[in-house]
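Inspection log for the structure reproduced underneath, given as structure tokens.
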Amino acid sequence: MMKKETDYKAWDYEDEPKCPFCGEEYVCAWELFRGESDGAEKTVVCDDCGREYTILQHVDVLYSTYTQEKMEEKYLEARRKHKRR
Ligand SMILES: [Zn+2]
């Protein structure tokens, strides 16, 4: 059955972009958005229903830090564990 043009759903903050018309996931979005920053938009055609929609990318950048000393400790600890075996 053909759905009406107004019959769609907007998806927010999903792991994978989904078609607003049929819910089909857009695979390999990371490839499409490679090198793009937060707020980048791409218009794609759904593989399933063939309709056009726009994907808006949200990028969450996370950082971890540690000192050189801490790294050394982890290395020595791993070596000690290894010797015990
Ligand atoms: Zn679709």
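For the reader, a short list of remarks on this structure follows.
- 10 Å Cβ shell holding at most 11 others, DSSP loop, chymotrypsin sites (Phe, Trp or Tyr not before Pro): longest site-free stretch of the chain: 14-62
- Normalised contact order of the chain, rounded percent, pairs of Cα under 8 Å and 6 or more residues apart: 18
- Against the chain, whose longest principal axis is taken from its Cα atoms, helix 68-84 shows a tilt of about 70°.
- Which of H82, Y66, F33, positive extreme of dipole for the chain (C-beta unit charges): H82
- Among the trypsin sites (Lys or Arg not before Pro) found in region 1-76, those both in a DSSP coil and sparsely packed, with 13 or fewer other Cβ atoms within 10 Å of their Cβ, are K3, K4, K9, R34.
- Values of log10 I(q)/I(0), in the order q = 0.16, 0.24, 0.26 Å⁻¹, for the chain under a Debye, Cα-only, solvent-free model: -0.69, -1.18, -1.29
- Taking Cα centre as origin and charging only the Cβ of basic (Lys, Arg, +1) and acidic (Asp, Glu, -1) residues, the dipole magnitude of region 1-67 rounds to 160 debye.
Quick note: the coordinates plus some simple rules give every number you see, no bench work behind them. Only a predicted model underlies this, so the values are computations on that prediction, with no experimental measurement involved. No Cβ is skipped: glycine too gets one built from the backbone with ideal geometry, and neighbour counts run over all protein chains shown.
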